[in-house]
1. If I model a spin label as a point 7 Å beyond the Cα along the Cα-Cβ vector, how far apart are those points for Glu35 and Glu170 in nm?
2. Under a Cβ-only charge scheme (Lys and Arg +1, Asp and Glu -1), can you give me the dipole magnitude of the chain about the Cα centre, in debye to the nearest 20?
3. Nearest 5 is fine: what % of DSSP beta bridges in the range 170-273 come out antiparallel, could you say?
4. What order do Ile68, Ile103 take when sorted by accessible area (1.4 Å probe), most exposed first?
5. Roughly how tilted is helix 161-171, in degrees to the nearest 10 and between 0 and 90, from the longest Cα axis of the chain?
6. Can you give me the relative contact order of the chain as a percent, contacts being Cα pairs under 8 Å and 6 or more apart?
7. Here are labelled values, (i) 7, 31, 38, 20, 3, 0; (ii) 8, 35, 39, 17, 2, 0; (iii) 7, 28, 31, 21, 10, 2, 0, and one is the computed P(r) over Cα pairs in 10 Å bins from 0, in percent for what I pasted. Which one?
8. How many nm is it between the label spots at Lys254 and Ser137, if each spot is 7 Å from the Cα in line with the beta carbon?
Amino acid sequence: MKKNWLQRNKTSYKVKIAEVAKVIEEMAPLGLQEEWDNSGLQVGEPENEATGVLLCLDVTEAILDEAIAKGFNLIITHHPLIFKGLKSITGKSHIERIVMKAIKNGIAIYSAHTNMDSAWGGVSHLIAKKIGLLDVSVLSPQTDLQSGLGVVGDLPCEEDALHFLSRVKEIFKVGAIRYGGDINRAIRRVAICGGAGVEFVNDAIASGADVFVTGDVKYHDFQGVIDRILIVDIGHYESEYYTKEIFSEIITKKIPNFAVQYAELEKNPINYL
């Protein structure tokens with residue numbers, strides 16, 4: 001019989017699913033999430049022992065099968081599996097099938113979404129770090145100024161806009177960048193919002209940013225601001241691609257000798273030709 005990952009890599013360290021959730025929430029409390037969001041434990045029993053955690057942006061049926069094959073009973077995602085209440089669970093949708101199969105196989109699913117977006121050191125902060133921004137602050141702060149959506153910061157020195165876009169494209173493995181505005185401008189101050197953040201473009205303009213990097217920008221969103229800022233759409237998936245690194249760092253620092261892996265079957269649902 002072929003052994004799964006846990007059988008080949010035994011560890012004596014024991015931790016409950018609730019303890020893993022707790023270390024995530026110490027950085028990104030559930031109170032930071034937007035009112036429409038649904039972060040937290042979505043499937044599973046918090047007092048069960050966690051055998052290992054698989055990290056992903058979205059849980060899919062393939063990733064659930066991967067967790068089962070590896071013997072991991074906890075999946076941590078950025079995007080929640082369940083946003084709205086399920087009126088029935090019959091397997092007619094991929095969400096229902098995942099819920100049914102997860103319960104049947106004892107797999108817990110936990111999500112940290114807009115609470116991780118708003119946390120200091122969260123998604124947009126990681127993007128800023130990857131780009132190399134200095135003096136980073138929150139773009140649209142909440143009451144304490146240390147939490148909120150998006151960030152703004154400065155490059156160490158000015159960059160040609162095309163060079164900046166090419167560098168961002170490479171860093172975030174973007175199939176195609178969409179942009180609008182003056183491509184001949186110099187870039188020094190950069191505003192960022194991971195995911196679909198175009199609603200914060202006016203905050204980016206007010207911050208004095210030369211460019212605003214986000215995802216899911218619509219045609220009229222471009223049209224309304226291109227005379228005031230260079231707006232760049234790198235894709236929703238691409239802008240949040242590295243969120244798994246945040247989860248991994250939190251868990252491995254707080255819970256040593258515990259199995260943490262990125263899902264090998266994670267992939268962008270959107271393709272480029």
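The values are calculated or read from the model by the stated rules, or taken from the named source; none is laboratory data. Note that the coordinates shown come from a computational prediction; the quantities given were computed from them, not determined experimentally. Cβ placement follows ideal geometry from the backbone for every residue including glycine, while neighbour counts extend to all protein chains displayed. When the accessible area is computed, the model is the full protein with side chains, heavy atoms only, and any ligands, DNA or RNA have been set aside. Shrake-Rupley method; radii C 1.70, N 1.55, O 1.52, S 1.80 Å.
1. For Glu35 paired with Glu170, the spin-label model returns 4.5 nm.
2. In debye, rounded to 20, the chain gives about 1240.
3. Bridges in the range 170-273 that DSSP calls antiparallel: roughly 25 percent.
4. The residues order as Ile103, Ile68, largest area first.
5. That helix lies at roughly 10 degrees to the long axis.
6. 20 percent
7. Of the labelled values, this structure produces (iii).
8. It works out to 2.9 nm between the two label points.
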